[in-house]
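The values are calculated or read from the model by the stated rules, or taken from the named source; none is laboratory data. If you're wondering where the values come from, they're calculated on a predicted model, not measured in any experiment. Quick reminder, even Gly has a Cβ in these numbers, built from the backbone with ideal geometry, and neighbours come from all protein chains shown.
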Amino acid sequence: MSPGRLSALAAALATMLLLCAGAVASCAPMAGSISAACVPGQQPPSGEVSPNGCDPSVLDRWDAEQVANAAVIVQVGADLQVPTRARVIAVAVAMQESSLRNLAHLGQRNDHDSVGLFQQRPSQGWGTPTQLQDPQYAATAFYRALLAVDGWAQMSLAEAGQAVQRSAHPGAYTRWTSDAAMLVAILSPGATSGWVQPLHGPVVSGFGPRGGRLHAGVDIAAPRGTIIVAASAGTVATVACNAWHVDSSWWGCDRDGDPQLTLGCGWYTDLIHPGGVLTRYCHLDTQPWVQPGQRVTAGQPIGPVGTTGHSSGPHLHYEVRLRDEAGGWTPVDGQSFMRQVGAPLN
């Protein structure tokens, strides 16, 4: 990233911080392709923070310097085309390691020879002190190390961060999940078209007949709490809980699901995209972080992986449906569709 590009980015961020401070009504996309998603809306249950723009106060918790450094981490991730979740992990790790400040050697207070946003150590082969105090270099080094970890996409945020950092306090990364996801949603380059993977993980069950009925989606396994993103830009059509058994009093999504349930999707949301395409995201762990009528962009976080509804373990049931001549929505093979639009599922 050139110094000129960084200066433009910092200027845009300073403007955004002024506009987004406090309970603002909305923040339009700023210069430098920054997508500001700070539009207050319905809060998720249990006081959880939604990274889809429902908590603009995240910009009150981090100052201009910190947000600018987060923006570099996010932009480097976008340039490297790493998944959204990798960007969230990177920002969360930097929050814990340096409070998103580009730290020089702190003398007697220094942790060995650690420097920079990720407190990477020259003596451990990360690079020279000068290189590691270049946020673009440090972020690139972190992403390369993360992607080299076998199975990182199936790990929790703390496990993935620890696999790279080898921290003395690995559990501390988890506390930054919400703020990191929010900043990634705000700072990621805007996307109004195109398709991305909704979740990175192994496909454990494909589209087709199952037990005498059609399995209309693709099941993607991932740890509980892993962030699911919108596969493409569109409008939220449905946010609902679908979990019920005809022979019992079971109803609701305030608990883990069961494969014996008659219905269904647990917490889920439907998005409608241009060209007569609908995508469905089932079994979320909490109420989705979006609401009906809301516009979303490709890669925008919409909720966490869970196992609500007709489910035997944490995963995303992802469906693609096409508008038919009768005005309904016909399910199609999501794996084939995603390959065709250039975002093949793992």
- Message: When the residues of region 187-200 are narrowed to those that are assigned to a loop (DSSP other than H, G, I, E, B) and modelled with pLDDT under 80, which ends up surrounded by the most Cβ atoms within 10 Å (Cβ to Cβ)?
- Response: 188
- Matching residues in region 152-181 - criterion: being buried (at least 16 other Cβ atoms within 10 Å of the Cβ), of a type outside the set (Gly, Ala, Ser) and in a loop (DSSP other than H, G, I, E, B): 155
- Query: In region 60-81, what residues are buried (at least 21 other Cβ atoms within 10 Å of the Cβ) and within 20 Å of residue 199 (Cβ to Cβ)?
  - Reply: 74, 77
- Task: Would you tally the residues in region 135-144 being free of Cβ contacts under 8 Å to residues at least 12 places away in the same chain and more than 21 Å from residue 157 (Cα to Cα)?
- Result: 1
- Does residue 269 meet the test of being surrounded by 24 or more Cβ atoms within 10 Å (Cβ to Cβ) and without any contact (Cβ under 8 Å) to a residue 40 or more places away in the chain? yes
- Message: So residue 117 passes all but one of these: (1) assigned to a helix (DSSP H, G or I); (2) within 16 Å of residue 98 (Cα to Cα). Which condition number does it fail?
- Response: (1)
- Is it fair to say residue 184 is of a type outside the set (Asp, Glu) and in a helix (DSSP H, G or I)? yes
- Quick one: in region 201-234, which of the residues that are free of Cβ contacts under 8 Å to residues at least 40 places away in the same chain and not in a loop (DSSP other than H, G, I, E, B) is nearest to residue 158 (Cα to Cα)? 205
- Can you spot a residue in region 99-120 that is closer than 30 Å to residue 219 by Cβ and either in the same structural domain as residue 313 (by TED's automatic domain parsing) or out of contact with any strand residue (DSSP E or B) (no Cβ under 7 Å at 6 or more places or on another chain) (or both)? no
- Message: Could you check region 303-341 and list, in sequence order, the residues that are over 19 Å from residue 238 (Cα atoms), charged (D, E, K, R) and not in a loop (DSSP other than H, G, I, E, B)?
- Response: 339
- Message: I'm checking my understanding of the structure. Among residues of region 273-288 that are assigned to a strand (DSSP E or B) and either outside the structural domain of residue 231 (by TED's automatic domain parsing) or modelled with pLDDT under 95 (or both), which one is farthest from the chain's Cα centre (by Cα)?
- Response: 277
- Note on the structure: The condition from (1) surrounded by fewer than 24 Cβ atoms within 10 Å (Cβ to Cβ); (2) in contact (Cβ under 8 Å) with a residue 60 or more places away in the chain that residue 289 misses is numbered (1)
